[in-house]
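Remarks on the structure that follows.
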């Protein structure tokens, strides 16, 4: 499959991620067929996509005509065969379990073209396992976005034991062409890259709260107004390189290495959620939301809109919009 041959996209699953992916594909001019299990789910998907596109219009990213044209290019269906026929690229966004994703691969095997790329939005399941019963495992990849996919550029591409390298390259080139920032894992890893990094940070964040070092709200402030500001445009390796000045990352880590080893020795290593941690975190987040300024939003919906406004401004700053 060549990138130039990708003309129509099937999205399997119309939830938050599937609807966001669909928004992006429609924004970029592709006809999209969205599959979900019932009309209620599809109505929710339609409403989400319409709201996403309308938001982009309100922010002058899209014109009113572009929104109208985009909505005319989308088809909603409860027939899996209709969603995978005559499409060249499938973005799977179904439930996060092997059985559900294997069933969607099987449907593509049965009703679609053997050349169609199957890209799973899994947050970290193994592609080898997802594709193990497929007739065409060579066309199956992981393509993990970050939420919301229609705004955040990252796509993590991973292959299974039987994935063809040409499929990986096609997916990479396709995502790059439509404005994403794809990265390719050299080998499979549960959770991919970003989620592993995020959860390593989050485990220590939880542990600091449980140990009484700080509050949930202070954890978020520490990340947001400290390293998070730099993370928006530099990764940790480049940050340490600059921190080392003329001696670079090597010199910096040689200098602070002994101190870092003391920190590591004192950091969390648990592998199971500590009892009561979820309740403590929810209580802390509820308090944090109540403490926000009204103009920043205090409900989930209000904060989501505030987040998207900030993301748009940041994307413009980074020339990614």
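Structure notes:
- Number of the exception - residue 19 against (1) over 23 Å from residue 140 (Cα atoms); (2) in a helix (DSSP H, G or I); (3) free of Cβ contacts under 8 Å to residues at least 60 places away in the same chain: (1)
- Counting only helices (runs of 4 or more DSSP H) wholly contained in segment 184-243, the ones carrying 3 or more residues that are under 23 Å from the mean Cα position of the chain (by Cα), under 27 Å from residue 280 (Cα atoms) and outside the structural domain of residue 143 (by TED's automatic domain parsing) occupy 194-210, 216-224, 227-231.
- All conditions in (1) assigned to a loop (DSSP other than H, G, I, E, B); (2) within 22 Å of the chain's Cα centre (by Cα); (3) modelled with pLDDT of 95 or more hold for residue 162, with the sole exception of (2).
- Selection status of residue 252, out of contact with any helix residue (DSSP H, G or I) (no Cβ under 9 Å at 6 or more places or on another chain), surrounded by 11 or more Cβ atoms within 10 Å (Cβ to Cβ) and over 22 Å from residue 213 (Cβ atoms): no
- Residues that are touching a residue at least 40 places away in the same chain (Cβ under 8 Å) and more than 17 Å from the chain's Cα centre (by Cα), drawn from segment 1-16: 1, 2, 3, 5, 6, 7, 8, 9, 10
- Scoring residue 124 on the criteria (1) in contact with a strand residue (DSSP E or B) (Cβ under 8 Å, 6 or more places away or on another chain); (2) at pLDDT 95 or above leaves a single failure, condition (2).
- Just one of the listed residues (61, 67, 33) is at pLDDT 95 or above, surrounded by 15 or more Cβ atoms within 10 Å (Cβ to Cβ) and part of a helix (DSSP H, G or I), namely 67.
The values are calculated or read from the model by the stated rules, or taken from the named source; none is laboratory data. The structure displayed is predicted, hence computed values, not measured ones. Glycine gets a Cβ as well: all are built from the backbone with ideal geometry, and neighbour counts include every protein chain shown.
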